[in-house]
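Inspection log for the structure reproduced underneath, given as structure tokens.
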Amino acid sequence: MDTDLHRSFRVHICAFRNLCFNCVNQVAAFLLRQGGAILLLDMPEAHATAYDSKIEGNVIFTRLDAAFNWVRKNSLWPMPMGLACCAIELMATAASRFDIARFGAEVMRFSPRQCDVMIVAGTVTYKMALAVKRIYEQMPEPKYVIAMGACASTGGMYRSYAVLQGIDQLIPVDVYISGCPPRPEALLAGLMKLQEKISGEKSFAAQNPKLTKKLAGMLA
């Protein structure tokens, strides 16, 4: 690191554990007021995490984005929108044979305020479309959508005046799953694809763009 940067700033390496984004923002703002900088955003690494076996599980080094993404992708709480026969396969995925709990996504609560990913399973009619959109808008950020089956993805065999030709005409979709209906294994494969997508996100920068820009300017 440049010597001038050492003279200009007191550099803080911060490990935020069990802190919400509001707490992180408060800590970061305090460090900025004190003339410090946080170096835990985009540190170049060969691996997301590094583990020292000599300290037997007490210390782990990681990036802030990697820590957030690891927590998010392994605790995706679904908002099940079971609109047709695909919902039966969605129920089977949560049962003991396929066990979606292995991915931390077994908490299916019909409460959009507590959900992370909407699984649209089945035919979306125009009569139901606005209700789906309203529930999606009530979900907190970050939120994701899985279009499960041909009907949710493209309207399927129902090319009629009553059926929406793909839920992506109404809300953004992250993962499409083909099939009529798709088997539970296909839904689990789609969930793993969504986990891969979440792993590559810049979580801190996306939710704190002003703070990230200020930090980048200080460290430039």
Efficiency of FRET between residue 157 and residue 107 - r from beta-carbon atoms, R0 35 angstrom, step 0.05: 0.60
After finding the eigenvalues of the alpha carbon gyration tensor for segment 91-154, what semi-axes result from the square roots of 5 times each, listed largest first in whole Å? 21, 16, 9
Calculate the dipole size of segment 149-198 relative to its Cα centre from +1 charges on Lys and Arg beta carbons and -1 charges on Asp and Glu beta carbons; express the result in debye to the nearest 20. 100 debye
Descending accessible area (1.4 Å probe), largest on the left, turns 116, 65 into 116, 65
If you plug each phi of segment 185-191 into the Karplus form 6.51 cos²θ - 1.76 cosθ + 1.60 with θ = phi - 60°, what whole-Hz ³J(HN,Hα) values come out, in order, with x for Gly and Pro? 4, 5, 5, 5, 5, x, 5
Taking amide H positions as placed 1.01 Å from N in the peptide plane, with prolines and chain starts having none, which residues 5 or more places from residue 118, or on another chain, fall under 5 Å of its amide H? 79, 144, 145, 146
Straight-line reach from residue 193: which lysines fall under 22 Å, measuring Cα to Cα and dropping same-chain residues less than 8 apart? 73, 143, 202
Report the calculated FRET efficiency for residue 134 and residue 60 (r = Cβ-Cβ distance, R0 = 45 Å), to the nearest 0.05. 0.65
Estimated D of segment 139-220 in µm² per second, where Rh is the Kirkwood radius over Cα pairs and Stokes-Einstein applies at 37 °C, 0.692 mPa s: 218 µm²/s
With every protein chain kept in the model, how would you rank 210, 73, 193 by accessible area, 1.4 Å probe, largest at the top? 210, 193, 73
Got a number for the accessible area of residue 154? Probe 1.4 Å, square angstrom, nearest 10. 80 Å²
Reduced to Cα centres, the span from segment 120-199 to segment 91-107 in Å works out to 19 Å
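The values are calculated or read from the model by the stated rules, or taken from the named source; none is laboratory data. Nothing here was measured: the structure is a model prediction, and the numbers come from that model. All Cβ positions, even for glycine, are placed from backbone atoms using ideal geometry, and neighbour counts span all protein chains on display. Protein only, heavy atoms only, side chains kept; ligands, DNA and RNA dropped before computing areas. Shrake-Rupley method; radii C 1.70, N 1.55, O 1.52, S 1.80 Å.
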